[in-house]
Amino acid sequence: MISIQQADFSLQQEYEALRADCPTIGAIVTFTGLMRDFNQGDDIQGLFLEHYPGMTEKSLADICSQARDRWPVEQIRIIHRIGELRPSDQIVFVGVSGQHRGEAFAACEFIMDYLKTRAPFWKREITREGSRWVDARDSDTDAAERWQK
Amino acid sequence: MIRIKYFARLREAVGQREESLPLPESVATVTDLRDFLGRRDEAWQQAMQMGGLLVAVNQTVVDWNQPLSGDEEVAFFPPVTGG
C-alpha cells in the first residue's frame, strides 16, 4: 500500500499492520527517513516537499512491482509525507515483510534507493537566509545504479 | 491539446504550473516541445536548458526522442530529491 500524505505516521501502527494475519512472515524490515537540521553547512529551519500528484503514486507502484520481481516479499508499505516539515520530523517510511530477512532487507533498501532517484518529489529548504531548492546528490544516483549491475 | 506541467525549480523559473496548447506544427518529439517552449523568451530559454532536466509523458519518465501525438500529459522537472 502506498500513501502520500501531509500527516505524520505511527511506526508502531505500521509495524502491527505489516505483522497482522500472516503466519508465513519471518521478518519485517522498516526504514524511516527523518528531516536533518543541517545541509551543506547551513542550519535548516524547515522543509517544503512538492510532488507530482498521480505520477508519484504511479512511480512508487512501479518501484514496488520491480522489488517483487526481484525478491519474494509478502507486503510492502510506503508512506511519503508532503508539504511543510520541521527538523526531526518523519519524512518517509518503507516497510517490507517476507519469509526471511535477506529478501526483506534487500527489497527495503532497493525501494529507498529507487524512491530517492525516481519518485517525483522535490525538497525546498528554508534557512535563515531564505529558501532554496535542494540539489540531487550523485551518491543517491550511485546507490540506485548498483542494483542494475 | 497537449497538457504541460512544470515542477519545483523549473515551475518557478517559467512562472507557471501548467498550461494546455494545441500541438505546434514544428513539434514531433519531447525535445521539439522543449525547444519550442525555449523560444518564448530569455527566461524560458534558460529554464528549458536547465541541467539534468527530465521529461515525463503520461506520468512516466521518457527519453528525449519520445514522439508526441498531441493528446498527452507532458511534464518537465529537475532531478528528484525526495526521501
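The values are calculated or read from the model by the stated rules, or taken from the named source; none is laboratory data. Predicted, not measured: the structure shown is a model, and the values here were computed from it. Here the Cβ positions follow ideal geometry from the backbone for every residue, glycine too, while neighbour counts run over all protein chains shown. Areas reflect the complete protein model, heavy atoms only, side chains present, ligands, DNA and RNA absent. Shrake-Rupley method; radii C 1.70, N 1.55, O 1.52, S 1.80 Å.
In region B:52-70, the residues that are more than 7 Å from every other protein chain (Cβ to nearest Cβ) form Cβ pairs under 6 Å with partners that are of a type in the set (Phe, Trp, Tyr), at six or more places apart or across chains, as follows: B:Leu54/B:Phe77; B:Val55/B:Phe76. Of the residues screened, A:Arg70 is not one that is crowded, with 21+ Cβ neighbours inside 10 Å, over 22 Å from B:Gly51 (Cβ atoms) and basic (Lys, Arg).
Does A:Ile111 satisfy being within 14 Å of another protein chain (Cβ to nearest Cβ) and hydrophobic (A, V, I, L, M, F, W, C)? When the stated conditions are applied, A:Ile111 passes them.
Is it true that A:Ile76 is more than 12 Å from chain B (Cβ to nearest Cβ), touching a residue at least 24 places away in the same chain (Cβ under 8 Å) and in contact with a Pro (Cβ under 9 Å, 6 or more places away or on another chain)? In short, no. Of all the residues in region A:126-149, those that are of a type in the set (S, T, N, Q) and under 22 Å from A:Gly83 (Cβ atoms) number 2. Restricting region A:35-64 to residues that are over 19 Å from B:Gly83 (Cβ atoms) and not in a loop (DSSP other than H, G, I, E, B), the residue that is most open to solvent (accessible area, probe 1.4 Å) is A:Asp43.
Within the span defined as region A:50-61, every residue fails to be of a type in the set (Ser, Thr, Tyr), within 14 Å of chain B (Cβ to nearest Cβ) and more than 18 Å from A:Ala136 (Cβ to Cβ). Note on region A:7-34: residues that are open to solvent by less than 80 Å² (accessible area, probe 1.4 Å), in a loop (DSSP other than H, G, I, E, B) and either within 11 Å of another protein chain (Cβ to nearest Cβ) or over 19 Å from A:Trp122 (Cα atoms) (or both) total 7.
Please work out if A:Ile91 is part of a strand (DSSP E or B) and modelled with pLDDT of 95 or more. It is true that A:Ile91 is part of a strand (DSSP E or B) and modelled with pLDDT of 95 or more.
Candidates in region A:11-50 are the residues that are in contact with an Asp or Glu (Cβ under 9 Å, 6 or more places away or on another chain) and without any contact (Cβ under 8 Å) to a residue 60 or more places away in the chain; of these, the one that is farthest from A:Gln75 (Cα to Cα) is A:Gln40.
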